[in-house]
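The values are calculated or read from the model by the stated rules, or taken from the named source; none is laboratory data. In this text, all values refer to a predicted model and were calculated from it rather than measured experimentally. Note that we place each Cβ from the backbone using ideal geometry, even for glycine, and neighbour counts take in every protein chain shown.
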Number of protein chains: 2
Amino acid sequence: MPSTVSAPEATSAAPDPAALCRFLDGEHHDIKEEVRQRLADFGVSPPGEQLPRDEYRAQVTEWMVKLAETGQPAMLFPESAGGQGDPGAAIAAFEMLGHGDLSLLVKCGVQFGLFGGAVHHLGNEEHHRRYLGKVATAELFGCFAMTESGHGSNVQAVETTASYDGDAGEWVVHTPTESARKDYIGNAARDGRMAAVFAQLEVGGEEHGVHALLVPIRDDDGNVLDGVTIEDDGDKLGLQGVDNGRIWFDHVRVPRENLLDRYAKVGEDGLYDSPIENKDRRFFTTIGTLIQGRVSVSGAALSATKSSLAIAVRYANRRRQFGPPDSGDEALLLDYRAHQRRLLPRLATTYAIHFAQRELVAGLHEALTTDDHDDHAQRQLEARAAGIKAASTWHATDTIQACREACGGAGYLMVNRFAAMKADTDVFTTFEGDNTILLQLVAKGLLTDFKQRVGDLNALEMVRFYGEQVMDQVVERSLARQVIGAFRDIVPSGDDESYDDERIEDRDWQLDLFRWREEHVLGGVARRLRAGLDDDADTFEVFNECQDHVLAAARAHVDRLILEAFARGLEACDDDSLKPVLDRLFDLHALSTVERERGWFFEHGRMTAPRSKAITKAVNRLCAELRNDAEALTDAFAIPDKVLAAPIAIGEDKASATG
Amino acid sequence: MPSTVSAPEATSAAPDPAALCRFLDGEHHDIKEEVRQRLADFGVSPPGEQLPRDEYRAQVTEWMVKLAETGQPAMLFPESAGGQGDPGAAIAAFEMLGHGDLSLLVKCGVQFGLFGGAVHHLGNEEHHRRYLGKVATAELFGCFAMTESGHGSNVQAVETTASYDGDAGEWVVHTPTESARKDYIGNAARDGRMAAVFAQLEVGGEEHGVHALLVPIRDDDGNVLDGVTIEDDGDKLGLQGVDNGRIWFDHVRVPRENLLDRYAKVGEDGLYDSPIENKDRRFFTTIGTLIQGRVSVSGAALSATKSSLAIAVRYANRRRQFGPPDSGDEALLLDYRAHQRRLLPRLATTYAIHFAQRELVAGLHEALTTDDHDDHAQRQLEARAAGIKAASTWHATDTIQACREACGGAGYLMVNRFAAMKADTDVFTTFEGDNTILLQLVAKGLLTDFKQRVGDLNALEMVRFYGEQVMDQVVERSLARQVIGAFRDIVPSGDDESYDDERIEDRDWQLDLFRWREEHVLGGVARRLRAGLDDDADTFEVFNECQDHVLAAARAHVDRLILEAFARGLEACDDDSLKPVLDRLFDLHALSTVERERGWFFEHGRMTAPRSKAITKAVNRLCAELRNDAEALTDAFAIPDKVLAAPIAIGEDKASATG
């Protein structure tokens, strides 16, 4: 073999998928296994054919009710309201729904997570007592009416009003303009009886910002109530089993008690009172409850990604195409380097996100089950959830697409699942927070942390005001590191091909590289913002000029978070039969990320041509080494065949798998 | 303004969309305009809602028949068969169908392009006389039965047999195994009456490789004929208006004359005779006729890409979100740098591919209308078509996705078009040649050209046999350039920020950079193949080890082809009101491509940190400069509002466009 070609090292025995599954599932193995089996038992397979919309919606509602009957959703809610108070397990269980029909997942997310979550996190004990039980059993179908046609990401600008009529002791909920109609609201078009409506609260002529109220929208027989207008959103790109719709309110009256008043009350005296004086802070505390939705969407995207990889890897391990000349046999798709490169780095990153997601769920569980409220920790958790949601959902879009293409024409048939996975997950990148906006939220948090102070969330103001000293320190630190890095990385002399950089597979080196990138990008942004905000600069203009840089900082941060979570996950592994393959996956994830970002590392003196080439070679070698483990690595996701469903993956399409 | 922030230069007046449209359309402006209007007149809008499959198929068939009645498809066929012999105009017209319903486009592609093309390019004058007229008027619905369940890209391995029964003077067409069933065949499930079947020809016990024959599959009343079994492929990810299906043949007999015998005849004497002795060469000549399909798919992808950009740009120019603090107004999406970065480089690349596509159509027209057959030129045209099809269809997938995300929730509603565009174009990357396989075909052609000899298409054999000297020359040449390049690019001393590289907007420098990359990657591959194929290496193994490198060479080649085509297109522009904006688009396309590939340029000594940063700054500046022209640039695609159809683009969704 010439030096440019490296043979795969002999790999150890393939890992045991069942053992790997237990390790991946961790503390929630039992509930996850239960839900995976439940999906199979209930026949919650994604449709292999296009169902008429009404039929599909009815099916999804039926599944949801059946699921509610198992008591699974009640895990989410506090024991005081008849629940089990185990949000971590509930979210882990929800994640498993992502292997099945994603309309069911989203419908459950709306019902139990968003509507139930609003009542739970924004309501008082009386609200809990009255509603949570009925939410958990799906006796009461609810909507989360936040988004308006004119206002998606900018929730603070919603136009719907809730004015207090002190004489009647009632709220008057109203849609003042066409752009204020509530839009894309799940459960609205068909099933919803009540909505948590986000509106600008007005009491005695004073405006208090966005608050949520419970507003009945249909009676028990499903008739739309007076003053409420509902329109179906019509057909969507995917998630056709969810009944999204638009809602208008025409001076609809609800009792004073319907305000979800955890963060702001109006007493019988008609006076507004909130423990959080600052209007902005009150708003961000209120919508902080969205975090659970983001964590859930991130997990759902992860499950769909795993399904797509499970199908594509199995197909690639059965389907033959071309092959050695003068040989009757064609080669398996997975034997081709280009095919390995399509699937295996994405599989490695899926593992990485898996561990980041697991930590995120644990963090959220802790936050939701302790009474100690730490504002700073809460903001950090929110930023983490935002960043990982963006990473996980973009990774899903990218991976499902790559898997579809890797299955060719067979991948285009609806029966093989990619159609639904692609269409259903597509909206994940822009709902529960548009990914771009979420990354800006992450960046804002990072800049905020720089000055070690919480409260006012306007990062630009802060930077302008306090930033100088901190920024100087950061810039200096990162410049110092850059200089050290540059010295360390002097191009070795001699032949490129013979250059063998052993450090690239050193975990500390990899972690350091990701950390260095994050700090360096962030330092650069901070410096630019500070420079830009001198004098009488137009704040918006300065921020906008840096927007791509700000987003890069957030991405670098999220990449580091995910890598560290993966590393911690592996450190906790004490099964020697799993370690070697997990170590390889870690290297493949880390090095393929560095390879993708190598332009930036070159630009900042941390990459040399020989090292870059060594990384590409290492990625290729790791792909070859992992090739024989690929199917065990996707089998470890433990998706029952009945749920995986694709004939090309479960051996029911022999016609296209033979050569 | 600080030095890190560059203000957009004052731009000249926005270009006139009508003038720009005429320039873009070029010689086919009239027919393109006619088809765009026809789509509007016929109401060929993509469905804004999910239609039941049967209804949708019926609608598409009706549209196709109506289209056939206009005489448009007949442009494709020779005058001797009642056509107009203007394939260039026919393909340009077909491209415009890509703005409308893509099921109609694909149905027409199957009927007129593939089935009609097989009769036209593989048949004799008698076949033309008997069938082409009826194909053009859609009296005779036909299938192109090439792909089998077990054999997609590897057409040479199809298993269907056509054995000659000399006594009866008939062919016996047979499906010997389950993997040999014809699959994904358009027009099969519902409308097809006859199929051009690709099968292994066997005459008098001798095998002659893959040939095509006409086999009736249904009678005039639509009943499936004896010996033929047809199954619906069922629901698909997209293109639900096309009736794809599977076909099995059980010893089906057709007359001797049904062999499409341009490249091989069997006479009354039962003897096989072909002007092309080499079996491989005969095969590649036969399937060379696929080129028209590839050119057409490339054009269709381009049109869908333009539609998606037209919608997303208009939405971004109306929809407001957030904005300057303490201001009542929110900013337009298109004012945000991150949004500009999402849409405008992709718009620039769409323009680049537009010119490459136009040249490709002109080249194909010339090849189809001259009697001079030049094998080498034909291979080059095939490679060009393969490469541009891969680039155009991947660009479509990427751009439509980016546009969908850029329109948030509104983009997820079916009525706003992205649902259908995403789903329908998705298969473009893997049908009419899987893009990865097509890029390998391109690379094969490049390696073949190295030894300046055509014929045997086995590049590996060639490289092994003849390659050494040529490879040496290439390697030396590219190494010499690399050294020169490295000297030219020595890092300038001084402050990064003050480094201003004027050359990066010099067109010759840009072209040279793309050419250098191509030659360098190609030289590297050739060197590795040569080194690997020394001794008794396993050819497959060596090729596979280089596969990612081979694909990179093909991509570099295609990038260069596209850039050069764009440059030639602009050189031909003599309208001074259009030049400045087109020049900016060119720079944006070129520099954003270099930015994307900067890791590679660094790795090969052609990039420095200051230059890389200058390129990023230039991309940002070009985006800002083009921001105000963006809508004129998409209006120039002249897609009628009735066809564009998306309410968010044609002003019918004011609710979501206001702030």
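Among (1) within 14 Å of chain A (Cβ to nearest Cβ); (2) modelled with pLDDT under 85, which single condition is B:His520 missing?
B:His520 satisfies all of (1) within 14 Å of chain A (Cβ to nearest Cβ); (2) modelled with pLDDT under 85 except (2).
If I filter the range A:208-234 down to residues being within 14 Å of another protein chain (Cβ to nearest Cβ) and not small (Gly, Ala, Ser), which single residue comes out as surrounded by the most Cβ atoms within 10 Å (Cβ to Cβ)?
So, considering only residues that are within 14 Å of another protein chain (Cβ to nearest Cβ) and not small (Gly, Ala, Ser), the one surrounded by the most Cβ atoms within 10 Å (Cβ to Cβ) is A:Asp233.
Listed here are the residues, each with its yes/no results for (1) outside any helix (DSSP H, G or I); (2) modelled with pLDDT under 95.
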position	(1), (2)
B:Leu479	no, yes
B:Gln482	no, yes
B:Phe487	no, yes
B:Arg503	no, yes
B:Gln510	no, no
B:Ala526	no, yes
B:Arg555	no, no
B:Leu570	no, no
B:Cys573	yes, no
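Would you check which residues across the range B:25-46 are buried (at least 19 other Cβ atoms within 10 Å of the Cβ), assigned to a helix (DSSP H, G or I) and among the polar types (S, T, N, Q) and list them?
Within the range B:25-46, no residue meets the criteria.
Checking B:Ile562 against (1) within 20 Å of B:Arg596 (Cα to Cα); (2) surrounded by fewer than 20 Cβ atoms within 10 Å (Cβ to Cβ); (3) not basic (Lys, Arg), which test does it fail?
With respect to (1) within 20 Å of B:Arg596 (Cα to Cα); (2) surrounded by fewer than 20 Cβ atoms within 10 Å (Cβ to Cβ); (3) not basic (Lys, Arg), B:Ile562 is out only on (2).
How do the helices (runs of 4 or more DSSP H) wholly within the range A:81-145 filter down when requiring 1 or more residues that are in contact with a Gly (Cβ under 6 Å, 6 or more places away or on another chain) and modelled with pLDDT of 95 or more: which remain?
Filter on the range A:81-145 gives A:87-97, A:102-108, A:133-136.
Which of the following residues is closer than 17 Å to A:Gln357 by Cβ and among the small types (Gly, Ala, Ser): A:Ala636, A:Ala630, A:Ala590?
The conditions single out A:Ala636.
Restricting to the range A:47-66, what's the tally of residues that are farther than 20 Å from A:Asn244 by Cβ and either within 25 Å of the chain's Cα centre (by Cα) or assigned to a helix (DSSP H, G or I) (or both)?
1
Return the residue satisfying two criteria in turn: it lies in the range A:324-337 and is facing chain B (nearest Cβ under 10 Å) and either touching a Lys or Arg at 6+ places or on another chain (Cβ under 9 Å) or surrounded by 19 or more Cβ atoms within 10 Å (Cβ to Cβ) (or both), and of such residues it is modelled with the lowest pLDDT.
The selected residue is A:Glu330.
Sort out which residues of the range B:113-147 are without any contact (Cβ under 8 Å) to a residue 40 or more places away in the chain and either within 18 Å of the chain's Cα centre (by Cα) or more than 17 Å from B:Asn258 (Cβ to Cβ) (or both), and write them in order of number.
Result: B:Glu139, B:Thr147.
A:Ala162 fails exactly one of the following numbered conditions: (1) within 14 Å of chain B (Cβ to nearest Cβ); (2) more than 30 Å from A:Val65 (Cβ to Cβ); (3) touching a residue at least 24 places away in the same chain (Cβ under 8 Å). What is the number of that condition?
Checking A:Ala162 against (1) within 14 Å of chain B (Cβ to nearest Cβ); (2) more than 30 Å from A:Val65 (Cβ to Cβ); (3) touching a residue at least 24 places away in the same chain (Cβ under 8 Å), the one that fails is (1).
Can you tell me which residue within the range A:387-409, out of those that are out of contact with any strand residue (DSSP E or B) (no Cβ under 7 Å at 6 or more places or on another chain) and facing chain B (nearest Cβ under 8 Å), is nearest to B:Glu405 (Cα to Cα)?
By that ranking, first place goes to A:Thr397.
Looking at the range A:146-177, which of the residues that are outside any loop (DSSP other than H, G, I, E, B) and at pLDDT below 95 is surrounded by the most Cβ atoms within 10 Å (Cβ to Cβ)?
Checked the range A:146-177; the qualifying residue surrounded by the most Cβ atoms within 10 Å (Cβ to Cβ) is A:His151.
Condition check: buried (at least 19 other Cβ atoms within 10 Å of the Cβ), among the basic types (Lys, Arg) and free of Cβ contacts under 8 Å to residues at least 24 places away in the same chain. Does B:Arg598 satisfy that?
Taking the combined requirement at face value, the residue satisfies it.
Look through B:Ala348, B:Ala338 and report the one residue that is free of Cβ contacts under 8 Å to residues at least 60 places away in the same chain and of a type outside the set (S, T, N, Q).
Answer to the selection: B:Ala338.
Condition first: hydroxyl-bearing (Ser, Thr, Tyr) and within 21 Å of B:Phe586 (Cα to Cα). Now tell me which residues in the range B:305-345 satisfy that.
B:Thr305, B:Ser307, B:Ser308
Please tell me if A:Val427 is part of a helix (DSSP H, G or I), facing chain B (nearest Cβ under 9 Å), touching a residue at least 24 places away in the same chain (Cβ under 8 Å) and farther than 25 Å from B:Thr399 by Cβ.
Judged against the criteria, A:Val427 is not a match.
I'd like to verify a number: residues in the range B:626-659 that are surrounded by fewer than 21 Cβ atoms within 10 Å (Cβ to Cβ), more than 10 Å from chain A (Cβ to nearest Cβ) and either of a type in the set (Val, Ile, Thr) or within 30 Å of A:His604 (Cβ to Cβ) (or both), how many?
1
Show the residue pairs meeting these rules: Cβ distance below 9 Å; 6+ apart or different chains; first residue within the range B:526-537 and at the interface with chain A (Cβ under 9 Å from one of its Cβ atoms); second residue in a helix (DSSP H, G or I) and of a type in the set (A, V, I, L, M).
B:Arg527/B:Met471; B:Arg527/B:Val474; B:Arg527/B:Val475; B:Arg528/B:Val542; B:Ala531/B:Val542; B:Gly532/B:Val542
Look at the range B:216-248 and say how many of its residues are farther than 28 Å from B:Gln59 by Cβ and within 32 Å of the chain's Cα centre (by Cα).
Qualifying residue count, the range B:216-248: 1.
Evaluate the range A:382-395: report whether one residue or more is over 17 Å from the mean Cα position of the chain (by Cα), β-branched (Val, Ile, Thr) and either under 26 Å from A:Gly241 (Cα atoms) or surrounded by 20 or more Cβ atoms within 10 Å (Cβ to Cβ) (or both).
The answer is no; no qualifying residue exists.
Out of contact with any Pro (no Cβ under 7 Å at 6 or more places or on another chain) and away from chain B (no Cβ under 14 Å): is that true of A:Ala552 in this structure?
It is false that A:Ala552 is out of contact with any Pro (no Cβ under 7 Å at 6 or more places or on another chain) and away from chain B (no Cβ under 14 Å).
Of everything in the range A:254-268, what is surrounded by 14 or more Cβ atoms within 10 Å (Cβ to Cβ) and touching a Phe, Trp or Tyr at 6+ places or on another chain (Cβ under 8 Å)? Give them in sequence order.
Answer for the range A:254-268, where residues must be surrounded by 14 or more Cβ atoms within 10 Å (Cβ to Cβ) and touching a Phe, Trp or Tyr at 6+ places or on another chain (Cβ under 8 Å): A:Val254, A:Arg256, A:Asn258, A:Leu259, A:Ala264, A:Lys265, A:Val266.
Could you tell me whether the range B:294-314 includes any residue that is of a type in the set (Gly, Ala, Ser), within 23 Å of B:Val619 (Cα to Cα) and within 11 Å of chain A (Cβ to nearest Cβ)?
No, the conditions are met nowhere in the range B:294-314.
Just the residues that are in a loop (DSSP other than H, G, I, E, B) and over 22 Å from B:His28 (Cα atoms), please, taken from the range B:613-651.
B:Ala645, B:Ala646, B:Pro647, B:Ile648, B:Ala649, B:Ile650, B:Gly651 - these are the residues of the range B:613-651 that are in a loop (DSSP other than H, G, I, E, B) and over 22 Å from B:His28 (Cα atoms).
Residue-wise test of (1) closer than 30 Å to A:His365 by Cβ; (2) among the small types (Gly, Ala, Ser).
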residue: A:Gly267; (1), (2): no, yes
residue: A:Arg282; (1), (2): yes, no
residue: A:Gly288; (1), (2): yes, yes
residue: A:Val295; (1), (2): yes, no
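When you scan the range B:269-283, do you find a residue that is crowded, with 20+ Cβ neighbours inside 10 Å and among the charged types (D, E, K, R), even just one?
no
Of all the residues that make up the range A:430-445, how many are among the β-branched types (Val, Ile, Thr) and facing chain B (nearest Cβ under 7 Å)?
Within the range A:430-445, residues that are among the β-branched types (Val, Ile, Thr) and facing chain B (nearest Cβ under 7 Å) number 2.
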